[in-house]
Each structure stands twice: as structure tokens, then as C-alpha cells.
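The values are calculated or read from the model by the stated rules, or taken from the named source; none is laboratory data. Quick caveat: nothing in here was measured; it's all calculated off a predicted structure. Glycine also receives a Cβ, built like all others from the backbone with ideal geometry; neighbour counts cover every protein chain displayed.
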Amino acid sequence: MNAFSSTKTPLWFWFIGVLALVWNLAGLLAFGFHLMMTPEMLAQLPPEHARLYTEAPEWLDVAFGIAVVGGFLASVMLLLRNIFAVMLFSLSLLGVLAQNSYSFFMSNTFDVLGPNAMIMPAVVVLLAAGLLVYSIAMKNQGWLR
């Protein structure tokens, strides 16, 4: 018998699950704000910042949506101790990687925003990968069913 096999779920499992849920809820809110960007709001940005929004391909919004909706649903499934958390965290990570591949390799995002703008995308990639690894570990230990 290992530490994960007892019938009582440890507090740390719930703590990580709630943190994942809050993190992904923040992502959903950011996605919502991104989708609600109006021409008036864009006009208030410096022109080069506004171009980052207007010149971005439509698939980028799809990738962003997959990343955040997948991550949010995965977090809910994790808290429900449902095995679908693994698949949804995988899908979320794919969305995160697609979204960030544009910023890192296909646009001038960091020329416009500066090198410090790389920090948050890097954190997002690391957390998405970490949550996938965590969900796989919980599945392998029998915590997700």
C-alpha cells in the first residue's frame, strides 16, 4: 500500500486542485477580456500594441480558448477525481503550446512588449505541463477514476 491508496483524500490534493481551478479561472477571465476587446479599447493602446491584436491569426483565439477552457474543465475533473482530467490537461497544454508558439516564433510580440513579456508565457507553459504531469501521477497512483 502506498501513501495515495487510503480512502481519505489528503488536504494537499484538494489544495493543488483548488489552486489549479483558480489559476484556470483567471485564464478564462483573461480570455473573456481578450474576446471583448473593442475598437475603442484598441485605439487607447499604442499603435504597435494594437497591431499585435489586429494582426493575430484567428487560430490564435482558438488555441487560447482550448488552453483555458481545457484547463478549467481539467481542474474541475481533477477535483472530482475523474480520469478525464488527464486528457483535458493534455488538450490544455497543446492549446498553450500552440498559442505561445505564435508569440515566441511567429510574431514580433517580444520586440514590441520587451523581453520581460516572456515571463508570463513561460510560467503558463510550465504550469500547464506541471498540471499534466501531476494529473498523470494522480492517475497512476489510483486517485483518479
For this session: Considering each residue of the stretch 101-142, count those that are farther than 21 Å from N24 by Cα and touching a residue at least 60 places away in the same chain (Cβ under 8 Å), and give that number.
Result: 4
Problem set entry | Residues (modelled with pLDDT under 95 and under 19 Å from the mean Cα position of the chain (by Cα)) located in the stretch 123-145 | none
Exercise. With (1) farther than 18 Å from A30 by Cβ; (2) touching a residue at least 24 places away in the same chain (Cβ under 8 Å); (3) surrounded by fewer than 18 Cβ atoms within 10 Å (Cβ to Cβ) as the list, and A98 as the residue in question, which single condition is left unmet?
Worked result: (1)
For this session: Determine, yes or no, whether A50 is surrounded by 13 or more Cβ atoms within 10 Å (Cβ to Cβ), assigned to a helix (DSSP H, G or I) and at pLDDT 95 or above.
Result: no
For this session: Only residues that are assigned to a loop (DSSP other than H, G, I, E, B) and within 20 Å of H34 (Cα to Cα): list them for the stretch 67-113, please.
Result: S107, N108
Problem set entry | Meets criteria (surrounded by fewer than 15 Cβ atoms within 10 Å (Cβ to Cβ), modelled with pLDDT under 95, at negative phi and among the aromatic types (F, W, Y)) for F4 | yes
